[in-house]
Amino acid sequence: MTLWQRKRFTVATLIPLSVLIYACGSGIPRGESLSESSSAVPCERDATGAKGELCTMPPADSHGGHGTAAGAGHGDHAMDLGPADATYDLRFIDAMVIHHQGAVIMAEAALEQSQRPEIRQLAEAIIAAQAQEIDQMQQWRKAWYPDASPEPVMYHAAMKHDMAMSEEMAAAMRMDMDLGGADDEFDLRFLDAMIPHHEGALVMAQEAQSKSTRPEMQTLAEAILTSQQAEIDQMQQWRKDWYDQ
């Protein structure tokens, strides 16, 4: 088991986290959201219900009882990484590194549990590509922000400044979940989890294209948009072919 797997936050059912607007640990009064288009929800959930501090994220309906946001497309996600200021790229790197780690965790689970060669091949591709991107972003962070704290940061929309990202928020950013054992519907659960996870990365990459001025970030954003959209299309086709969904 890898370090990322040991850090996994287990839930009993797949939770449609889509892409969150950073608000956990912000001291926002309960029931008050940072975005007019989002609603307050707990950062953590378990089989008995909700617990923990409130985050804000767009409402999502279930898809076929498997926890994927119905019709989840690029417009259904709304993450606020903050303004195009001097530390925008730092916040993007910290968010995307953690988000990528979540994809790697799910892909490693697929290698352990899935019997389909298509899923296993996809999992290997995700691990290879996203591990390389994680390494590249971490190198950029050291070069561009040598004085930054080693802890990941996020944007506090209400206070309009950067703050340390809590472990609860990092878990939500990774979209941590237990995909379950190697039963007949493991691949469906994997697809229902990885599709919205990839869609979250697309939203973040599109935002980076509009806010970052670094050519390296523009290149990375374009690579994410191209590769992960292709993988979304493939996964949606498999879900239709294999599960008629």
Taking just the C-alpha trace of the range 191-238, give me its Rg and Dmax in Å.
-> 11.5, 37
Relative to the compact-globule scaling 2.2 N^0.38 Å, provide the ratio for the alpha-carbon radius of gyration of the range 141-210.
-> 1.48
Multiply the residue gap between ALA84 and GLU112 by 0.36 nm, knock off their C-alpha separation, and tell me the result in nm, one decimal place.
-> 6.0 nm
If each part is reduced to its alpha-carbon centroid, the range 164-193 and the range 112-145 end up apart, in Å, by 16
Please check which bits of the range 179-214 a label hung off TYR243 would reach, taking the label as a point 7 Å along Cα-to-C-beta and the cut-off as backbone N under 18 Å.
-> 179-200
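Between Rg and the Kirkwood Rh of the range 103-245, both from Cα atoms, what is the Rg to Rh ratio?
Computed over Cα atoms, the ratio is 1.00.
Report the gain in length on full extension from MET163 to GLU222: 0.36 nm times residue separation, minus Cα-Cα distance, nm rounded to one decimal. Spell out each step's value before the answer.
On the way: separation 59, 0.36 × 59 = 21.24 nm, distance 2.75 nm.
Full-extension gain reported as 18.5 nm.
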Quick one: net charge of TYR88's neighbours, Cβ under 15 Å, K/R +1, D/E -1?
-> -2
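Restricting to Cα pairs below 8 Å that are 6+ residues apart, what does the relative contact order work out to for the range 91-225? Please round to a whole percent. Walk me through the numbers before you get to the answer.
On the way: 119 pairs, mean separation 39.1, N = 135.
Computed value for the range 91-225: 29 percent relative contact order.
Based on the alpha carbons, how large is the Rg to Rh ratio for the range 100-173 when Rh follows Kirkwood? Show your work: numbers first, answer last.
On the way: Rg = 16.0 Å, Rh = 14.5 Å.
For the range 100-173, the value is 1.11.
Each value in this text was obtained by applying a stated rule to the coordinates, not by laboratory testing. As the structure is a computational prediction, the values presented were derived from the model and not from experiment. Cβ atoms come from the backbone with ideal geometry, glycine included; neighbour counts cover every protein chain shown.
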